[in-house]
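The values are calculated or read from the model by the stated rules, or taken from the named source; none is laboratory data. Note that the coordinates shown come from a computational prediction; the quantities given were computed from them, not determined experimentally. For neighbour counting, all protein chains shown are included, and Cβ atoms are generated from backbone atoms with ideal geometry for every residue, glycine included.
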Amino acid sequence: MPINKTLFSSFRWQIVLTYLLIIVVGFTITNISVLDILGTYMINGKKETYRLYANWIAQVISYDYASGDPDILAGIGYDIQDFGEEIFNKERESTRILVLNKNGVVDYDSYNIIRGPDSLLKQNLAKDFPEVNLVLSGESVEPRELYIKPQNSNESMLVLYTYAPIQHERYGIIGMVIISTSLSGIEQTLNEVKAKLGTYSIVVAIAIIITSYLASGFITRPIKELTDVIRKTSQGHLDQRVKIRGSREFRQLGEAFNMMSEKLENLDRARNEFVSNASHELKTPLSAIKVLTESLLHMELDDPLVYNEFLNDINSEIDRLNTIINDLLTLVKIDTEEEQLVREPVELVKLVNDTLKGLQILAQQKHITMEAYHDDELIVLGDPVKLQQVISNIVDNAIKYTPDGGRVTVEVYEYSGNAVVKVSDTGIGIPAKDLPHIFDRFFRVDKARSRATGGTGLGLSIAHKIVLMHGGNIRVASEEGKGSIFYIELPLK
Ligand SMILES: Nc1ncnc2c1ncn2[C@@H]1O[C@H](COP(=O)(O)OP(=O)(O)OP(=O)(O)O)[C@@H](O)[C@H]1O
Ligand SMILES: [Mg+2]
């Protein structure tokens, strides 16, 4: 049945069943040992008592039994019967006393008078009972308990046999006494104890099932909560958090989960922001194109120079669209290509010099002095095209955000196992509050001015991503109005 399967496969029931199993095994072992110890203790007590009885009877009848006088001998039969009654009165257990002669033949049987037909009188017991010979030959034989089945009953009963030799000063061992007594009292006590233990065990087991079921609720509650929250999260509710409680492991699990869902939420927010930023950036040039085109359509002039001017504007807006889309594609490509980064030895100094050559014209246009200093050749492992893009982006910024007549310095050197490209400028600098966001996508300090210079705010985030992919780091130090320094650190080969 699937219902039962799911019920008992739940963690909660597994805990309950485990407890129950432990309890059942524990109780079984305890109950068996308690019964065994108690039984042995009670039987040993009886053995001691009956040994004394047997010795006492043997001693009392010793002289009469040795006398050989028929009158005296006849009296022993009555004595035995009296002894039997006396013991019965004390012990409340039916007791049979036998007196055997030195050949093992029964001379007296206390049951002879009470129950004639069962009598063992004149039977030789030495043949059937090895103890008889042992006792008669002077060895001491321990009392012994046996389960026997009486002729008129199906249930076996526990019987104790006790032996004592009849000693005579002159004749030595002249016979023996055997007392057999039922241990039904002990059996009954043991059965009562067994029944009580059984009842207690069942009561305790039920109590354990109930308490462990309730207690397991506390254990499994955090799991249930977590499951509910995960389900909600997977349905798109990323703001879900679990309550941190329960055992240390559950608290750690909860903390890990909350951390993960916070990351997920941030990621989701970043993605939404990215999409909305990207759309916004694309909308600006598109709106400009729309306005320019509509003006052209509604103009009744036919001066080719004016047309030309409008078309030029449209053309540059299209260029801008192109740049943004290319940057976006680069970012997306970097995200997806992360695992399969090209790793070849790159001569960093050469790469930097080549890049600077390409940017020289930009610097000259703004009368910016560009200087380069470098150590000996430094080799890093990586993708030369991507690394060139990093240096180009940073140096391009330095030129872009430095007023005419300024200075841009590029240094390449080795520092504690890293190759460092340091790009310093004497430009406008970056306000301290903006420094933490400088590598965010679409981030620009001064939106209006950057847009005028054609920036999309993606250059640094692309550079940052590429450097991280190479196992490196990119840092910035800047002071508003004085200039900025960018450090690109790449691990040496
Ligand atoms: N050297 C610098 N001096 C001053 N401000 C800088 C410097 N480099 C970057 N910035 C600031 O950081 C912002 C982000 O730079 P980033 O290169 O990402 O974008 P961008 O230059 O505006 O556009 P593009 O995507 O074309 O590079 C810039 O808009 C600028 O405000
Ligand atoms: Mg830039």
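Brief remarks on what is shown
- Screening VAL423 with (1) more than 12 Å from ligand 1 (Cβ to nearest atom); (2) closer than 22 Å to VAL380 by Cβ gives one miss only, at (1).
- VAL423 meets the conditions (1) under 20 Å from GLU337 (Cβ atoms); (2) modelled with pLDDT of 95 or more in every case but one. The failed one is (1).
- Scanning region 356-379 for residues that are more than 16 Å from ligand 2 (Cβ to nearest atom), outside any helix (DSSP H, G or I) and surrounded by fewer than 22 Cβ atoms within 10 Å (Cβ to Cβ) yields HIS367, THR369, MET370, GLU371, ALA372, TYR373, HIS374, ASP375, ASP376, GLU377, ILE379.
- Meets criteria (away from ligand 2 (no atom under 16 Å from the Cβ), outside the structural domain of LEU267 (by TED's automatic domain parsing), assigned to a helix (DSSP H, G or I) and of a type in the set (S, T, N, Q)) for ASN353: yes
- Selected residue [of a type in the set (Val, Ile, Thr), outside the structural domain of ILE474 (by TED's automatic domain parsing) and either over 30 Å from SER416 (Cβ atoms) or within 16 Å of ligand 2 (Cβ to nearest atom) (or both)] from ILE394, ILE324, ILE399: ILE324
- Residues satisfying the stated conditions in region 282-305, i.e. modelled with pLDDT under 85 and part of a helix (DSSP H, G or I): PRO304
- Filter result (modelled with pLDDT under 90, part of a helix (DSSP H, G or I) and touching an Asp or Glu at 6+ places or on another chain (Cβ under 7 Å)) within region 306-350: ILE324
- Scanning region 288-329 for residues that are closer than 17 Å to LYS447 by Cα and either without any contact (Cβ under 8 Å) to a residue 24 or more places away in the chain or in contact with a helix residue (DSSP H, G or I) (Cβ under 8 Å, 6 or more places away or on another chain) (or both) yields ALA288, GLU317, ARG320, LEU321, ILE324.
- Residue that is farthest from ligand 1 (Cβ to nearest atom) [pool: residues in region 348-396 that are among the hydroxyl-bearing types (Ser, Thr, Tyr) and touching a strand residue (DSSP E or B) at 6+ places or on another chain (Cβ under 7 Å)]: TYR373
- Here SER153, SER201, SER182 are screened, and the one residue that is assigned by TED's automatic domain parsing to the domain that holds VAL16, modelled with pLDDT of 90 or more, among the small types (Gly, Ala, Ser) and under 30 Å from ASN31 (Cβ atoms) is SER182.
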